[in-house]
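The values are calculated or read from the model by the stated rules, or taken from the named source; none is laboratory data. No experiment lies behind these values; they were computed from the predicted model shown. Methodologically, a virtual Cβ is constructed for each residue, glycine included, from the backbone with ideal geometry; neighbour enumeration extends over all protein chains shown. Calculation scope for accessible area: heavy atoms of the full protein, side chains included, ligands and nucleic acids excluded. Shrake-Rupley method; radii C 1.70, N 1.55, O 1.52, S 1.80 Å.
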Amino acid sequence: MANVQLNGDVYAHLLSFVSSPSDLLAVSLANKELLTLAEPEIIYRSIRCKLGNDAVWEHLIANPAQASRVRELEVLRENLSGYGPLDEEEKIPESSGTFKPSSKSADEDALATTSREKTEHSERLLIQAIQSLVNLESFTWDHWVPEINQGEEVLRDAGEGDNDEPLETYSEDVWTALRDHTQLKRLKVVDLGRKDTRSPDPRPIFDSTIFTLGNLTHFDLKMYYSPADPLEGENGGNDEDSDDELLPPRVKIERIQELLSRCPNLESLALNIIDRDFYYLVGGNPFTNIGPIISQLHLPRLTSLKLNDVTVDDNIMVTFLNTHPALRILSAFLSLLEDDLPELPFSLETYDLLSDQVLPNIELLDLRPRDLRPLLRAVKRPSPLHSLGTLEPCDWNAPEELENDENYVSSLDDVWGPSDEEAAEGGPTRGRDLQNLLTDLPNLRILTVKDVTTFTQLDKLVRLTPQLESITFHGRSIDLNPSSHPHTQLLPYLSRWPRLASLKGNYYLWPKGCDIKSQEIGLILRDIVAACPLLREATWVDGRSATIVRNDKGEPRLELPDSDETNP
């Protein structure tokens, strides 16, 4: 084929519409001319850096053409914890994080002032750079609260200054810049509030102009609520006769509700509102009720809903699930387990009101067993579920008490479900009376289970999930024979998962107190690889996740994260 002279402007314009980095890379590999045109798009498509990296912002300000290529921007924290943004295990102090005057020396105070001034300078550069990011679609803020966090505020009183001088009523911060100058669709925010901040008067993101944004397709908010008065809400209005009851939640959700009302095409919503200080300091309910938000939502494109430390009224959640069949991901958890706190984010006690064959497109369900059980009974079968948690042995008809019942006889129906004739007759193991919740889940690949305490329960689980690739065990475990190594007792069952790649939780294949560098571990590792050739991740004896890798000769080796320890 004859070479055709490329029209650079046309091709460059076309490449600007290619959203996938992998597609851009494929185009760039076609020939040198396309590589030259696609390379800037690849380089500038996604930027992840710390706020203090002023050179990045200055470069974007000076090169608006390059800045227009940026689609994704992530502002990282200065001292990364290693867990990543929006992670549930984020290392944040549990105690009250409000600012308190300290006894620092004058030099330390001067250093803190300099640091704040530098941070503010970096933020001003970032705001100016955002004005050039006209095609930005995704923004992540995983940093301490901004120093400049007061956009759209009156900067002086009307009676001050020359009357002929126009009143300045507008100032810009990160959020107003994103709103006014970009095509923002995806927003992820960690609001650390007043926790561990250098500023004597920090303003949480929750009190900022972030809620003036709209038209988002993805909204992910993790917020540590930290009011100026740590005891806010202690006069919550409990009756005198209800001293033992928790004070009602104190977080106001109207602004979140207002933002979501401007996002009719929302596809993904994640809310994590953390207010543990309210419980520990004044005995209040730390879980915010977002029922008023959920009850007003009708999002036909919503595919993902993740809720943490928030609650929803039972009837509201049932209605929501019935009216959002496009959901593919649903997870909900409460982080505190205390006797006087709610146990579940929603109880689904009225699950009979769930429509038949609810959530026909669900691929991931991650709930506690009591919430998961009624919902899983109502899910359309066969289901496209790919990831599921958390189940207990009774959910696959293998409760511990059945093994102690001399009159109990297991049958194939326990594993494979009833025959077609029995199903047609409306047998007791179909629909809302389904006893074995793992039936008709042909795509199940990832599973979390709790309190698997016998080999019979494990055997039944293996038979039910032959295509499983990842399994996590929590709670009580099998009481293994101390006279033999754990892997010799577990591998006969684990090896029947031919695709098993990940084994997590409290099932250990290694002897307690062993040294990873010992020859014994090397021999055990060879047995493991022979039984489970695809296994790449297994829990070490101290709870860390160990990785199984192979050297140049194809021999297995065990490595631990953040450590030089390895089995040679």
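Under a model in which nothing but the beta-carbon of Lys, Arg (+1) and Asp, Glu (-1) is charged, the range 463-548 shows a dipole of about 200 debye around its Cα centre. Seen from a random direction on average, the alpha-carbon convex hull of the range 213-332 projects onto 7.9 square nanometres. Annotation: residue 394 carries an accessible surface of approximately 60 Å², with a 1.4 Å probe and no ligand, DNA or RNA atoms counted. Exceedance of the 32 Å cut-off in Cα-Cα distance is limited, within the set 512/553; 188/517; 252/380; 460/512; 306/504; 306/380, to 188/517; 252/380. For the range 483-565, applying the loop criterion from DSSP together with a ceiling of 11 other beta carbons within 10 Å to the trypsin sites (Lys or Arg not before Pro) yields 512, 553. Ratio of Rg to Rh for the range 242-397: 0.97 [Cα atoms; Kirkwood radius as inverse mean 1/r over pairs]. Label-to-label distance for residue 337 and residue 499 is 3.0 nm, based on points extended 7 Å past Cα in the beta-carbon direction. Restricting the range 297-346 to trypsin sites (Lys or Arg not before Pro) that sit in a DSSP loop and have at most 13 other Cβ atoms within 10 Å of their own Cβ leaves 301.
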